[in-house]
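Below: one structure, written as structure tokens.
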Amino acid sequence: MPKPFADVSARTQVRRLRELARTALPAWGLRDATLRLLFHGYNTTFRVDTADSRRYALRVNTQPGKTAQHLAGEVAWLAALSAETDLHVPTPQPTREGALSAVVTSPDHDWPLPVVLFSWLDGRNLGNNWTADQAHAVGVAMATLHDHAERWTMPAGASFSDFGSVLTDLPNRLGDHRALTAEQSALLVEAMDGAQRFQDEVFAAGPVIPLHADLHGGNLKWRRGVSTSSTDGGVSTSALSVFDFDDAGYGPPALDLAISAYYLRDDEGAEAAMKAGYATLRPLPAVTDEQFEAMVAGRNLLLVNDVIEQPNADTQAMTPAYVAASVRRLRHWLETGRYRRTLPDGEQPAAAR
């Protein structure tokens with residue numbers, strides 16, 4: 001009998017998921033296409049190459065919390081963004097029956113796995129180190145997303161989760177979990193209480209709109225050789241692509257900015273350039289420094305809460321170091337009011353997401 005999915009190596013997990021993804025290809029008439037791994041983490045994505053040189057990205061959702069209603073909202077928003085804005089986003093490809101997703105049955109999971117085929121995006125992931133032009137373009141793209149979100153109507157039968165909680169729609173595991181010591185848990189609970197208090201203030205002030213809610217360098221592509229100058233002398237988003245709307249949800253615009261700022265800390269120039277790009281299209285959200293820092297810290301809390309429960313083999317291996325680093329960062333925020341990733345003593349904590 002095969003080992004449970006959570007107990008096998010990442011290579012074995014990918015092999016099993018590749019075999020599963022192959023069974024979904026006929027839904028799009030791509031039976032003879034080849035599959036190459038792009039990413040194996042919270043979900044698993046393969047590059048699809050066809051015999052006639054077409055290329056796509058096929059995502060298999062392995063997370064049990066992905067509802068049919070959320071998936072319907074995600075693909076509907078992407079289809080609308082593709083048709084109604086100049087943003088480069090992955091366009092969901094209809095199956096032979098006209099659906100924007102398919103479902104496959106997995107022997108490794110107790111739930112059916114959604115599969116989506118997206119148009120291919122050229123370029124390389126933006127990564128962790130952004131130039132001023134790249135950060136500016138991300139800010140412009142974020143503001144474009146927010147402008148569209150304000151006028152877009154969620155279709156019937158689709159929905160996003162409300163991100164009023166710092167932990168979004170995830171259960172709170174910070175108080176008692178096998179991956180946490182009592183001391184770590186106590187610090188995380190204290191940080192959670194503080195971050196939630198400030199986030200509640202921001203939500204109460206409104207507005208609340210659909211957000212990408214995961215705009216970091218791993219979900220952005222940059223195409224070299226594409227002009228980044230706009231007609232008004234600013235920086236456009238023509239070289240930038242935005243993907244992975246899998247975590248989209250309802251929240252205040254400031255939350256999207258805080259999430260991206262989490263990944264930029266402590267590059268003050270890049271963070272400032274991102275905010276400046278945003279401000280070229282719409283005013284920066286009216287939040288206090290305390291509220292903004294709490295939402296940046298809240299991103300770390302969300303990730304810890306998620307990481308400690310992940311079945312992915314690689315994620316499990318880095319969890320102890322990530323938890324320890326996160327506790328140190330969050331303690332610093334509680335003590336100083338400023339969230340930092342590189343801490344004052346110069347120690348660089350283990351990186352994760």
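Test LEU58 against the criterion of being within 18 Å of the chain's Cα centre (by Cα), part of a strand (DSSP E or B) and at negative phi, and give yes or no. Judged against the criteria, LEU58 is a match. Take the conditions over 30 Å from ALA27 (Cα atoms) and touching a strand residue (DSSP E or B) at 6+ places or on another chain (Cβ under 7 Å) and apply them to PHE118. Does it pass? Taking the combined requirement at face value, the residue does not satisfy it. Evaluation of LEU281 against the conditions (1) crowded, with 20+ Cβ neighbours inside 10 Å; (2) in contact with a Ser or Thr (Cβ under 7 Å, 6 or more places away or on another chain) shows that the sole unmet condition is (1). Of all the residues in the range 194-246, those that are open to solvent by 30 Å² or more (accessible area, probe 1.4 Å), at pLDDT 90 or above and not in a helix (DSSP H, G or I) number 8. When each of ALA276, ALA286, ALA261, ALA254 is tested for being of a type in the set (A, V, I, L, M), open to solvent by 20 Å² or more (accessible area, probe 1.4 Å), assigned to a helix (DSSP H, G or I) and more than 23 Å from PRO64 (Cβ to Cβ), the lone residue that passes is ALA276.
Summed over the range 75-108, the residues that are of a type outside the set (Val, Ile, Thr), open to solvent by less than 30 Å² (accessible area, probe 1.4 Å) and within 16 Å of ALA24 (Cα to Cα) give a count of 3. Scanning the range 175-185 for residues that are open to solvent by 60 Å² or more (accessible area, probe 1.4 Å) and among the hydrophobic types (A, V, I, L, M, F, W, C) returns a single hit, ALA182. Residue pairs whose Cβ atoms lie under 8 Å apart, separated by 6 or more positions or on different chains, with the first residue in the range 1-12 and free of Cβ contacts under 8 Å to residues at least 12 places away in the same chain and the second surrounded by fewer than 10 Cβ atoms within 10 Å (Cβ to Cβ) and among the acidic types (Asp, Glu), do not occur.
The values are calculated or read from the model by the stated rules, or taken from the named source; none is laboratory data. Quick caveat, the model's predicted, so the values are computed rather than measured. Cβ: placed from backbone, ideal geometry, glycine included. Neighbour counts: every protein chain shown. SASA here: full protein model, heavy atoms, side chains in, ligands and nucleic acids out. Shrake-Rupley method; radii C 1.70, N 1.55, O 1.52, S 1.80 Å.
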